[in-house]
Each structure stands twice: as C-alpha cells, then as structure tokens.
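Trainee: The following block contains the structure, expressed as structure tokens.
The values are calculated or read from the model by the stated rules, or taken from the named source; none is laboratory data. All figures in this text were calculated on a predicted structure; none of them were measured in a lab. Ideal geometry is used to build each Cβ from the backbone, glycine not excepted, and the neighbour counts take in all protein chains shown. To get the accessible areas, we keep the full protein, side chains included, count just its heavy atoms, and leave off ligands, DNA and RNA. Shrake-Rupley method; radii C 1.70, N 1.55, O 1.52, S 1.80 Å.
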Amino acid sequence: MVALVIALALFFDFTNGFHDTANAMATPIATGAIKPKTAVTLAAILNLVGAFLSTEVAKTVSGGIIREGSDGVQITPDIIFAGLMGAILWNMITWLKGLPSSSSHALFGGLIGAAIAGIGFNSINLEGLMQKVILPAIFAPLIAGIVAYVCTRLAYALTSRHDPETGSKLTQKRGGFRTGQIFTSSLVALAHGTNDAQKTMGIITLVLIAAGTQQPGSGPQFWVIAACAFAIAIGTYAGGWRIIRTMGAGLTEVKPAQGFAAETSTASAILASSHLGFALSTTQVASGSVIGSGMGRKGTSVRWSMVGKIALGWLFTLPAAGIVGALTALLVKTGVIGVLIAAVAGTAAVLFMFFYSRKSAVGHHNAIEVEEAGQAVRFAKKKAMARARAHAKAKADAKAKNDADANTPKETQR
Amino acid sequence: MKWLELLTVAGATLAAAVTVVVLYSLGVRLTAIAGDAQQASPGLKRSLAYICFGLCSLAVLFGLYLIIPYFSS
C-alpha cells in the first residue's frame, strides 16, 4: 500500500508539473520571447532546481485542514491514496479541457473528500479550510490581477514617448521587454518548483510517517526530495500545451510589456505569499495576472467568457476532486479488492483521457499561433510605418517644393 | 482570520512588482531615447539604461535571496 501511494504521489507530481508549465511559460511563448521547446526545457530545469532549494512548504503541507495528531484522527495511507486519486483525475480532466486550475486545490479537495468518506465529517477543520483554501482562492487572483494591472499601466506610461512638437509617436523599443520576459518567467518557474514539488514531498513524508518508517515531525528524506524534483521536472518538460494555449492566447492577447508585467506580478505574489505564510495558488495567481495585464493595456479585450469558464473550473475543483476522493475512500474501505478496483479504474480513466486527448493533439507546434502571427503583424507594421514615413516625406518634399515654387516667383517679382 | 498576513502579502507583492517593472521600463525608455537620431549624448543615456537594468536584476536577486532558506536563514 505504501509503495502504491508513493507511486501515485509521484504521478500526481508529474500531472502537477505539466499542468502548471503554463503559469510560467505561457506568456513568453505567446509573445515569442522564448521558443516553445526551449521554454519548457528551461521551466523543467528551474523546477528541478527549485525543488531542491527549500523544504519549508513540505513540512507544513496538509496540516490544519484535516485534524491530525493526538486529539484528532490518524491519517492512514488509505485516505491519502483516495485523496491522490481524486486530485489526479481532476487534474487530467481540467488539462483535457485546457483549464488552468489549481493542482493544490485538487489535492486538498481529494484529501478532504477522502477524509469525510473514510473517517467522518468531524475530521475536517472548517476554519483551516476557510483560511487555507477558500479565502486564498478569492484573493490570489484579485491581488495578482490588481498588481498586474498597475504594473502594465506603469510599463506603458513610462515607455510611451511622443514628440513634444508634432505629437507623433517616437520609437519606444517595447520589444526590450521580450528579453526581460526570459528572466521573469524563469523566476516564476523557480518559484513554482520551490512551492509545488514540496506538496508531494509532504504527502510522501506523511505516508512514510503514517506507515511508521519515519520519525514523526522529521523533514522529507533525500530520496523523496530527488524523486519529487524529477517527477515535477519531467512533467513540466512534457508540457501542458492545452493550458498554455488557454493562458497565452485564450484570455487576452499578450504583448511583451504586458507579459513582463504579468510575470513580475506572478513571481512576486508567489514569493511574497510563500515567504510570508499566506499560501496562494500558483495557477490562480498566474491567471489573475494575465487578466489584470489584459485590462491594463488600452485596446485589449479580455475574453470574459473564458474567464468565466476558468472561474467555474476553480469552483468545481474542490468538490469534484473531493467526490472522486470520497468514492475511492469508500472503495478502499472494503479491503484489498477495493484497492485493486480503485487502482485499475483510476489507471483506466487516466489512460482513456490520454488517448482521448490524442484525437485533438495540442503540442508545441500548435499551442499558440500567436508567435508567428505576432511576428507577421510586426513586420507588416514596420513596413506600413516605413511606407507611411516615405509617404509623409514625399508629401513634405512636395510641400517644400511648392513653398519654394511659391517663394521664387515672389522673389522674382521683387 | 489572517487579515494582516493577507495585507502584508498584497503590499509586498505590489511593492516588489512595481519596483521591478518601473526600473525595467525606465531602462527600456532610456534605450529608446539613446536610439534617437538627434540625441546629443547617446552614450550617457545608454549607460543610464544599463544602470536601470542592473538595479532591476539586483532587485530580482534580492527576491531570490529572500526565498532560498539556504541563504536567508
């Protein structure tokens, strides 16, 4: 059972990785700052590095939502198995739909459902649930969105240049933001590694403690850290192209300055929250930032229908993963046969979704057409500007000539 | 409820993001100014731009320093 749970936990880590590639890499891919393949490789490496950097989050995972310890209930590997099942299935479903939903919420939802079904409703710490899941879910996109909005406005205000005399636009070199995006998106990937890989480390450690092979209260062992780091890196490299498409092109069109502002806000929100102890979901922060930066630039429309879809997805994450978790917990309760049925059914469902996804494959080649399109537009713009400039010059020349013509007769008259 | 923590996180996010974006935007603007044809001292503007980018990366590195417990603790 313990081995099964660890395998499942690592698979959850994998889905977490490819589900969340989009958070860091959707906007730079959309603006053409980094090539898609390079972007996922970079994100994978940084996730790997990030996972090794810190184990602070791993030590506190799942604490506070399910009452554990002497006065509460004992979490068994069965419950964790059921919870992971719910989380993985929900992650696969949202990936299939291309919805950026929080992997950590799926995990919490699965665990909560499993705990309710397996132990009873009193095992849930409602206040902890409110503080750790529901309030952050409301405030994460709000904070990130507002900050991204402010940053986008600032970035555009600071780089907008007009000729004081003629009022015509001067060169703004906003393409410079594209270089900056490489660094900011790397920062997001790193932050993701330090945050999300640890949730799985925490789970595996919890299982090991529950099984009695590890001292309670100790941190994750090295092989656990390494396995989780590699699972999330491989997942990231696999790339959740469907979600990248939603984040990079589905919500709003992203320009380099916007992408830079959005990524900076995402990175600072994640770093601030994980450092100051009010945990926010990476996915929700990133989505909020993209929406906020979309609102911050004049002439950009935010596709609110897509936003609504995503919000609906977030609303369902907790209960849906919870229901799957609860059903699995009930199955597991029946004994070894139940565990087998659950494992087989789960594997079958994941395989089905994988093959179903093959029907309409979204890969690095077609995730976002914006890159080429953006280049084409830029080209056209440059050409058009050159043409306009030439036109204006010709006009000015003609005018000067006319003036000269008009002046010469005057002079001859004199 | 952890309203204070929420406020701190919001404030820190805003401050950090605005710092980075303002510095980088200034750098971008100064590069653009330096690139103008009728610019009197492009060298000065360009070096100012590089200073802005440098300060921006310093801010980012400071953020990294804060999140990696190996350094900050």
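Trainee: If you take the square roots of the eigenvalues of the alpha-carbon gyration tensor of the stretch A:276-334 and sort them as a ≥ b ≥ c, do you get rounded (a/c under 1.5), prolate (a/b over b/c) or oblate?
Mentor: Here the stretch A:276-334 falls in the oblate category.
Trainee: Right, something else. Given the convex hull of the Cα atoms of the stretch A:2-368, what is a quarter of its surface area in nm²?
Mentor: Details: hull surface 71.0 nm².
Taking the Cα atoms of the stretch A:2-368, their convex hull projects to 17.8 nm² on average.
Trainee: At 7 Å along the Cα-to-beta-carbon direction for both A:Phe121 and A:Ala7, put a label point, then send me their distance in nm to one decimal.
Mentor: Going from the A:Phe121 label point to the A:Ala7 one covers 3.7 nm.
Trainee: From the protein chains alone at 1.4 Å, what is the descending order of accessible area for B:Leu44, A:Leu315, largest first?
Mentor: Numbers: B:Leu44 100, A:Leu315 130 Å².
Of B:Leu44, A:Leu315, the descending order of accessible area is A:Leu315, B:Leu44.
Trainee: Here's something else I'd like to know. What is the stretch A:82-162 by shape, rounded, prolate or oblate, if you read a ≥ b ≥ c off the alpha carbon gyration tensor as root eigenvalues and call it rounded for a/c under 1.5, prolate for a/b larger than b/c, and oblate otherwise? Provide the component values of the computation, followed by the final result.
Mentor: Details: a/c = 6.82, a/b = 2.20, b/c = 3.10.
In terms of gyration-tensor shape, oblate.
Trainee: What FRET efficiency do you get for A:Thr213 and B:Leu7 if R0 is 41 Å and r is their Cβ-Cβ distance, rounded to the nearest 0.05?
Mentor: Details: r = 42 Å, r/R0 = 1.02.
For R0 = 41 Å, the calculated efficiency reads 0.45.
Trainee: Sticking with this structure for a sec: May I ask you to evaluate 6.51 cos²θ - 1.76 cosθ + 1.60, the Karplus curve with θ = phi - 60°, for each residue of the stretch A:339-345 and list the ³J(HN,Hα) values in order in whole Hz, giving x for glycine and proline?
Mentor: Running phi through 6.51 cos²θ - 1.76 cosθ + 1.60 with θ = phi - 60° gives 4, 4, 4, 4, 5, 5, 4 Hz.
Trainee: Would you mind giving the mean number of other chain beta-carbons within 10 Å of the Cβ of each residue in B:50-59, as a whole number?
Mentor: On the way: counts 0, 0, 0, 3, 0, 0, 4, 2, 0, 2.
Taking all residues of B:50-59 together, the mean is 1.
Trainee: For the stretch A:258-275, take each phi angle, set θ = phi - 60°, evaluate the Karplus expression 6.51 cos²θ - 1.76 cosθ + 1.60, and give the result in whole Hz per residue in order, putting x for glycine and proline.
Mentor: Once rounded to whole Hz, the list reads 5, x, 4, 4, 5, 5, 4, 5, 4, 4, 5, 5, 5, 5, 4, 5, 6, 7.
Trainee: Okay, moving on. Calculate one ³J(HN,Hα) per residue across the stretch B:51-57 by plugging θ = phi - 60° into the Karplus curve 6.51 cos²θ - 1.76 cosθ + 1.60, and present them in order as whole Hz with x for glycine and proline.
Mentor: Result, ordered by residue: 4, 4, 4, x, 4, 4, 5 Hz.
Trainee: Oh, and also: Please report, in cubic angstrom per residue, the volume enclosed by the convex hull of the alpha-carbon atoms of the stretch B:3-72.
Mentor: On the way: hull volume 5.4 nm³, N = 70.
Output value, Cα hull per residue: 77 Å³.
Trainee: Moving on. Please work out whether the stretch A:236-303 counts as rounded, prolate or oblate from its C-alpha gyration tensor, where a ≥ b ≥ c are the square roots of the eigenvalues and a/c under 1.5 means rounded, while otherwise a/b larger than b/c means prolate and anything else oblate?
Mentor: Judged from the Cα gyration tensor, the stretch A:236-303 comes out oblate (a/c at least 1.5, b/c at or above a/b).
Trainee: Full extension from A:Tyr356 to A:Arg303: what is 0.36 nm times the residue separation minus their Cα-Cα distance, to one decimal in nm?
Mentor: Details: separation 53, 0.36 × 53 = 19.08 nm, distance 2.69 nm.
Result for the pair: 16.4 nm of gain on full extension.
Trainee: Using R₀ = 56 Å, calculate the FRET efficiency as 1/(1 + (r/R₀)^6) where r is the Cβ-Cβ separation of A:Thr179 and A:Leu330; round to 0.05. Can you show the working numbers first?
Mentor: Details: r = 54 Å, r/R0 = 0.96.
Given R0 = 56 Å and the Cβ-Cβ separation, E is 0.55.
Trainee: Mind listing, in residue-number order, the residues in the stretch B:7-36 that have at least 40 Å² less accessible area with every protein chain present than in their own chain alone (1.4 Å probe)?
Mentor: Going by heavy-atom accessible area, the residues of the stretch B:7-36 that drop by at least 40 Å² are B:Val9, B:Thr13, B:Leu14, B:Ala17, B:Val21, B:Tyr24, B:Ser25, B:Val28, B:Arg29, B:Ala32, B:Asp36.
Trainee: For the pairs A:Lys132/A:Lys298; A:Lys255/A:Lys309; A:Lys35/A:Lys173; A:Lys35/A:Lys298, note any where the Cα-Cα span goes beyond 30 Å. Could the numbers behind the result be given before it?
Mentor: Working: A:Lys132/A:Lys298 36 Å; A:Lys255/A:Lys309 23 Å; A:Lys35/A:Lys173 21 Å; A:Lys35/A:Lys298 27 Å.
Among A:Lys132/A:Lys298; A:Lys255/A:Lys309; A:Lys35/A:Lys173; A:Lys35/A:Lys298, the Cα-Cα distance tops 30 Å for A:Lys132/A:Lys298.
Trainee: Taking amide H positions as placed 1.01 Å from N in the peptide plane, with prolines and chain starts having none, which residues 5 or more places from A:Arg161, or on another chain, fall under 5 Å of its amide H?
Mentor: A:Leu170
Trainee: Taking a probe of 1.4 Å and counting only protein heavy atoms, give the total accessible area buried between chains B and A in Å², rounded to the nearest 100.
Mentor: 3300
Trainee: All other residues with a Cβ under 15 Å from the Cβ of A:Asn47 taken together, and with Lys, Arg as +1 and Asp, Glu as -1, what is their net charge? Before the final figure, lay out the partial values.
Mentor: On the way: positive: A:Lys199; negative: A:Asp13, A:Asp20, A:Asp196.
Value of the local net charge: -2.
Trainee: Along its three principal axes, how long is the stretch A:179-291 when you only count alpha carbons? Whole Å, largest extent first please.
Mentor: 52, 31, 22
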